Structure formats: structure tokens, C-alpha cells
Amino acid sequence: MKKEEEKIKKLEKAIFEISEIVGASDINTDEISNLLYSYDASMVRAKPSAVIHIKDIEKISPVVKILHKYSIPYTPRLSGTNLSGGATNQKGGVIINLSPSNRIRQIDTINQIAVVEPGVVNINLQNELKKFGFFFAPDPASQNVSTIGGNISENAGGPRCLKYGVTSNNILKLDVVLPDGNEATFALDDYGPQIMSLFCASEGTLGIIKKAYLKILPLPKFFLTIYSEFRSLEESMSAVADVIKKGIIPRALEVVDRISIEAAGKSNEINKETEALLIAEMDSNSSDEINKEMDLIMKILKLNNSLEIKYSDDPLVSEKLWKIRKDAYPSLAKIATNVLVEDGCVPRTKLVSTVKKIKEILNKNAVKAGLIFHAGDGNIHPNIVFDERDVKETNRIRKVAKEILKEYIKEGGTISAEHGVGVEKRGFIALQHSKETINLLRKIKNNLDEKNISNPYKKIPFNNELSEIKTKESKLSENMKILISEIKKRYQQKIPSAIAGNGSFLKEIPQNIKTIDTKDIKGIIDFDRDNMTITVESGVSDTNLLSFLNSEGYKAYLQDSNSTIGSIIARNDFIEIRNTLLSMEIILSDGTLVKFGSKVIKDNSTYDVTKLMLGSRGTLGIIASVTLKIFKDIKSLKFTHPKNIINITPFHIKIKKAFDPDNLFNPFLTEKIYGKF
Ligand SMILES: Cc1cc2nc3c(=O)[nH]c(=O)nc-3n(C[C@H](O)[C@H](O)[C@H](O)COP(=O)(O)OP(=O)(O)OC[C@H]3O[C@@H](n4cnc5c(N)ncnc54)[C@H](O)[C@@H]3O)c2cc1C
């Protein structure tokens, strides 16, 4: 009882102090307001104790400092459209509503940057940019409502992300407020690990995004939409897989099934036998290129028995062709009390088999779901309709959803492609990730948010959620085993190591430090030509990899510099590599092996440690293996070298300590990158 009273007192004091900053009228503590902010677009409900509305982003830091002083948990919130419970506060803390912080600060078409506050609604930015002939690539289906801050925090995807990458691929710099209220800026150009990437998909658990610097692109001159009906979902998936296999990257490749079309009341607009509708969209500044791609795609659609094909480059007709796809989710939401939007991703080669499995699971359990796909990415959304008021039914639906997620994992995919983890998926992380990987995630969160107040209870599983933990070990080469055993031996005696790739920075290594050579781990682990990915051990050189791929008719976004892939990433040689980086295995200084990402295009199941490792210079862990996107053709290769600006923040040393608490890896670089250990 005393504890509860103390908690209330602390909250009252904090609210009083915060009201001096934001004004009393911008704080709600009444029951109705708290109820209004107790939910988001997921099934999670949790009532906060207060809602603080922030119009001026300069007030975020002083408000968070007060919350930190009183150890009050807070949840940043924008439009609340996330589908995993991320915008609810689980600990009876406060909601920080940033929707009123919605100014577009700058549109700089010369440098192709837009600077925005977190509450800018995606479509409002697109409309502004259109006036200048530009666009921001991420276009989630929720873009009429969801905000840029929410898109970054969830690392949102959208139809166009197939060609232009997800949100994190379109961010240049972030101004953030750390969990203790201090401010920091993280950018692509920073020297050292790429902390900026850690904020994309962090779901408010590592602090608050105050301002974002976005990459904007000129609108392409030409575009064309193809609409194609199929007698079976499997045929449509096979067409998608064939398009990808050919190395064609349209800007969108989307599919909806008949149930979704019927829900949209559009079954009279399609053929009687139609079970799936595929929409492909291309854009380019060259009409020849579009026509060439169109011919190839049409051929593939026909080979996969398309029932009917239409196409148009008229924006009005195109809008009509898109309408069924765009209406699918809202229509499903109209025909049922609730819709559980399940989200996951599989390698594109596994789309057909996964769809078969999903249908079996749904039929076996007599569950109705509309299937909607960002198919080109391998991203699947079964939209399960049900009535939440029926508890038994809800539990059954949750079990079915879990069974589907397990299928994604079996196929080498992920339990979360673009809808985050939040509360809903916390319990499924262990299906995909090992105990060691989860431990590292916990250390990152614990070190960066020592009081566990920045959107607590999200993203990272509880101990009682680890019963089905992944135990399957990665198959390691003999050389990798030798390397790991050497690291373990050194760890026992706390012997520091200098991590060397091709030895280019050996001159920096003090003589008294033993080196660890990664040159001998140079195997090709998985070459999945049809999924357009390759997984290699990090000691493979770019020259050898390019030569291997070339002999097979493929390309990678790499220079021919005779550097190992591990060192290219560890030095962050050129910025463009991050857009082709999908997954990574890392050996930590105690010899444990952790893995982030998977062989899929979108994976938001953890913090983005894969991209954090860019520029880490061997100080966080040894990059053991890497999965990269590969291509049939790369139109132009551009290698932009980061400016490598030294920017040490309070987060830096905490990250180093989460990964390498004994300062054993490349300790001679620690001070320069992280400050005093
Ligand atoms: C109909 C529908 C369609 C959708 N379609 C897509 C789609 O195509 N692709 C896709 O990826 N998603 C989609 N979503 C999911 C959702 O729209 C996205 O996750 C979106 O990015 C959330 O934005 P928001 O403004 O609603 O953020 P919110 O839901 O308010 O917040 C999202 C998360 O970010 C955190 N957060 C909020 N503000 C900040 C901040 N300033 N700093 C740090 N953290 C913060 C919150 O705590 C929360 O964890 C869809 C959802 C719906 C309902």
C-alpha cells in the first residue's frame, strides 16, 4: 500500500513540474483521457496515469528529465496505428503525445533532404514534397494517418519499399532525446558504430525521436501499373517469385486474395474464377526501361496462367486498379468486430509453400482471414477476422496466429517484417532468436535505459516467454569453430585481441596485443540465386565474391578493393552497403555467437544490430557472417564515403559495455570511438 501511495505522490510531483513546462492545459489525468490513450491499433489495452501533449519539440527533453528524475515510465505516442501494442503504457506510466509536434521544418531539394518533426503525417509530407517534384519513399498503407516518427520507430514498409527500401533506408540523421532526458544526434556520417540505425524499429524503447532528416527523391517521370488476376493464390505467388528471380525490381509487387476482394465488395469487378489479384508498378525516368520491364513481367504473368491482365500509365486508371488492394484492410475491418493483422516475412522462393501452409492452418482451424501481401518483399499479412468479446475465440485465434508465425520461421523467415514487436509479439521472439541473441538485446536495453522507463515491457521477451526458445545452432565451418574456440580461450584469461580482416589497419595495432585473423573464414554459406541473397563468412574478399557472382550471372553492391566483407562493414567503407545488408552473425568477446536479421528483405524482430555494426571497427564483436542482397543488374554503382565525424554521446560507452564489457576487442580504439571506458 505504502509503495502505491509513494508512486502516486511521485506522479503528482512530476505532473506538477511538467505542467510548468508544457502548461496545465496540455496534461490530462482524467479517466476518459486515460481511457482514450489506453489502446492502439493492436489488441493490447493498458491505461496510463496521464497524457502529456507536446507541441514544441524543445520541451521533450525537459519533460523526460523530470520523468527520469521520478522514475516514471513513459510511452511516446503518435497516431497510434501500430499493430503490436507499442503505443500503450504497460506500467501505468504516462503517454507523451507528440502528434501536435507536426511541423515540416525544411525541404531542401538541392541536397535532397526534408527535416521534419515526429508528428508529421506521412501523406502530408508527400503532398508537400509533390509540389517540389519530390517524394519520401516509405508509403505504408496507413500513410493517411501514420506519422514519420511512428514510421521510423516501427521501421515501416509499404508497397514502394520493394524498390526504395524501408524507412530506415531513407533516414539520414536523427535528433533524439535519450531515456534520461539528455539530447543527442546520430547520423549516417558518424564515426564508430551506426547508432542511428538502432533507433529505427526501436519502438520508443531507447528514447524519443525529436527531429528527423529524411532522404527525399525526385519523382520519376514515368510509371506504369499492371493488374493481373489469377485462379489461385499459389499461381500469383509463383509469378511474384519468378519476377524476383529474373532480377526485376518493380517499385511495388502486391497481392490480395479473394476473401479480401469480397470484403471490399468488389467481387463483381473480377472474374468468377479469380482467387488472387496481383498489382505490379514500375517507375523510371526512361520510358524504354519501363516498357522493357513491362514486357518481361507480362510474359511471367502469362506463364503463370494469369486470367486477365490490364495495364495503364494514366494516374486515374492506375488509382482505380490499386483501389481493391488499398481497400482490402479497411473493408475487412468493416465486416468483423476485430481484425488481427499478422505480419511476417519469408524468402521470396518460399512464398508458394508458405501460402499453402497458411491456407491449411486456416482451414484446419475453420478461421477466416483475408490474405494481403507486400509480395515482392516476401511480406505476408493474414488478416484474421474475429470477435474479441468472445474470449475463447480470441485465444483460439492467437494460437492460429502463432502457428502461422512458426511456419515463417521454418521457412527461414521472421515473425515481424514491418509491424514491430511491441507487446503482441514479445512472446514470439524466442521462436526466431537464440538465448544468446536475446541476452544481448536485454543488455542493450538495460544499458541504454538503466531505469527501464522508456516504453518499458516492449520488444524484448520476459523470462517466462522463453519456453520455446530457438536452440538450433547455426552450422559452422571448421575454421569458424577454431576461431570461436580461440576467442573463448582468450576470454577465460581476459586476453585482449585486435581484430584483423585483410590487415589494412594492422599498423594501428599496438605491438603488445594479439591479433585475431578473420581471413580464414571465407566460405560461401548460402547462395540463394532465386531469392537474390548470398550469405558468406566475413573473411571473403569483395574481389573474390564479385568474381564468383559474376561467373554465376549476378552482381553485388561492392567495390573490387580486395578487402574482406567483414572489414568493409566494420570500417563502413561506403554508405550504400547498408541498403544491401540483411543479416549478420557476430562473435562476442566471450565467444558467444549471436545472430540478427534473416534471409528476408524485412526483419524488425529485434533492434537493428546488423546496421549498428557498420563502422564498429571490430570494437563490438567479430563479424562472422553476413547476408547481402544480390542483383542481376545494377544500373549505376556509387560509393559514398561517410564523413566519419567523431560524435561521442552518452550512448556510446554504454553500447560498448553491452557488447564487450571487459574491453577485450580492439581496446586501442575504445577511447577514440566511445570515450573513457
Ligand atoms: C490500416 C493499417 C495499415 C497499415 N499499413 C502498414 C504498412 O503498409 N506498413 C507498415 O509498416 N505498417 C503499417 N501499419 C502499421 C502502422 O501504421 C505503422 O507501424 C506506423 O508506422 C505507426 O505510426 P504511428 O504514427 O501510428 O505511430 P504510433 O502507433 O503512435 O507509435 C508507434 C511506435 O513508435 C513509438 N513512438 C512514437 N513516437 C515516437 C518518437 N517520437 N520517438 C520514438 N518512438 C516513438 C511508440 O511508442 C510506438 O511504439 C498499418 C496499420 C494500420 C492500422
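Please return the ranges of strands (runs of 3 or more DSSP E) entirely within segment 29-107 where 2 or more residues are touching a residue at least 24 places away in the same chain (Cβ under 8 Å) and aliphatic (A, V, I, L, M). Break it down stepwise before answering.
Details: elements: 50-53, 74-77, 94-97.
In segment 29-107, 50-53, 94-97 are the strands (runs of 3 or more DSSP E) which contain 2 or more residues that are touching a residue at least 24 places away in the same chain (Cβ under 8 Å) and aliphatic (A, V, I, L, M).
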### Query
Any residue at all in segment 606-618 that is of a type outside the set (K, R), free of Cβ contacts under 8 Å to residues at least 12 places away in the same chain and assigned by TED's automatic domain parsing to the domain that holds K494?
no
### Task
Please specify each residue of segment 243-275 satisfying the condition of being under 18 Å from N531 (Cα atoms), of a type outside the set (V, I, T) and open to solvent by less than 10 Å² (accessible area, probe 1.4 Å).
P250, A252, L253, E254
### Query
Do any residues in segment 134-161 that are within 19 Å of V255 (Cα to Cα) and free of Cβ contacts under 8 Å to residues at least 40 places away in the same chain have Cβ atoms under 7 Å from those of residues that are of a type in the set (A, V, I, L, M, F, W, C) and more than 7 Å from the ligand (Cβ to nearest atom), where the two are at least six apart or on different chains, and which pairs are they?
P138/C161; P138/V166; Q143/I123
### Query
Could you count how many residues in segment 639-677 are of a type in the set (K, R), closer than 20 Å to M196 by Cβ and outside any helix (DSSP H, G or I)?
1
## Note on the structure
Residue hits (segment 560-574; open to solvent by less than 50 Å² (accessible area, probe 1.4 Å), out of contact with any Phe, Trp or Tyr (no Cβ under 6 Å at 6 or more places or on another chain) and either of a type in the set (F, W, Y) or in a loop (DSSP other than H, G, I, E, B) (or both)) are S563, N572, D573
### Summary
Residue hits (segment 400-427; charged (D, E, K, R), within 16 Å of the ligand (Cβ to nearest atom) and either at pLDDT below 95 or not in a helix (DSSP H, G or I) (or both)) are E418, E424, K425
## Note on the structure
If we ask which residues in segment 80-99 are open to solvent by 40 Å² or more (accessible area, probe 1.4 Å) and either more than 8 Å from the ligand (Cβ to nearest atom) or among the small types (G, A, S) (or both), their number turns out to be 2
### Query
Just checking, which of L371, L441 is surrounded by 19 or more Cβ atoms within 10 Å (Cβ to Cβ) and either in contact with a Gly (Cβ under 6 Å, 6 or more places away or on another chain) or closer than 30 Å to Y74 by Cβ (or both)?
L441
### Query
Is segment 144-153 home to any residue that is modelled with pLDDT under 95, buried (at least 18 other Cβ atoms within 10 Å of the Cβ), within 8 Å of the ligand (Cβ to nearest atom) and among the polar types (S, T, N, Q)?
no
### Task
Count, please, the residues in segment 351-377 that happen to be of a type in the set (G, A, S) and either within 14 Å of the ligand (Cβ to nearest atom) or under 19 Å from I261 (Cα atoms) (or both).
4
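Rundown of residues vs (1) touching a helix residue (DSSP H, G or I) at 6+ places or on another chain (Cβ under 7 Å); (2) touching a residue at least 12 places away in the same chain (Cβ under 8 Å); (3) within 25 Å of K599 (Cα to Cα), yes/no style:
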{"site": "N383", "(1), (2), (3)": "yes, yes, yes"}
{"site": "R389", "(1), (2), (3)": "no, yes, no"}
{"site": "V421", "(1), (2), (3)": "yes, yes, yes"}
{"site": "E424", "(1), (2), (3)": "no, yes, yes"}
{"site": "P461", "(1), (2), (3)": "yes, yes, yes"}
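Would segment 111-127 turn up any residue that is free of Cβ contacts under 8 Å to residues at least 12 places away in the same chain, in a loop (DSSP other than H, G, I, E, B) and away from the ligand (no atom under 13 Å from the Cβ)? Spell out the reasoning first.
Filtering segment 111-127 down to residues free of Cβ contacts under 8 Å to residues at least 12 places away in the same chain leaves 111, 127.
Then keep just the ones that are in a loop (DSSP other than H, G, I, E, B); that gives 111.
This time we only want the ones that are away from the ligand (no atom under 13 Å from the Cβ), so: 111.
Checked against the condition, which is being free of Cβ contacts under 8 Å to residues at least 12 places away in the same chain, in a loop (DSSP other than H, G, I, E, B) and away from the ligand (no atom under 13 Å from the Cβ), segment 111-127 yields at least one hit.
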### Summary
Of all strands (runs of 3 or more DSSP E) fully inside segment 173-259, the set with 1 or more residues that are under 20 Å from the mean Cα position of the chain (by Cα), within 16 Å of the ligand (Cβ to nearest atom) and farther than 30 Å from I95 by Cα is 252-257
### Filter result for K91 (among the basic types (K, R) and at pLDDT below 95)
yes
### Task
Please enumerate the residues belonging to segment 162-172 that are part of a helix (DSSP H, G or I) and either more than 23 Å from K445 (Cα to Cα) or in contact (Cβ under 8 Å) with a residue 40 or more places away in the chain (or both).
L162, K163, Y164, S168, N169, N170
### Message
Looking at the structure I just gave you, is G157 within 11 Å of the ligand (Cβ to nearest atom), part of a loop (DSSP other than H, G, I, E, B) and in contact with a Pro (Cβ under 8 Å, 6 or more places away or on another chain)?
### Response
yes
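The values are calculated or read from the model by the stated rules, or taken from the named source; none is laboratory data. This structure is a prediction, so every number in the text was calculated from the model and none was measured. Cβ sites come from the backbone with ideal geometry, for glycine too, and all protein chains shown count toward neighbours. Heavy atoms of the whole protein, side chains included, go into the accessibility calculation; ligands, DNA and RNA do not. Shrake-Rupley method; radii C 1.70, N 1.55, O 1.52, S 1.80 Å.
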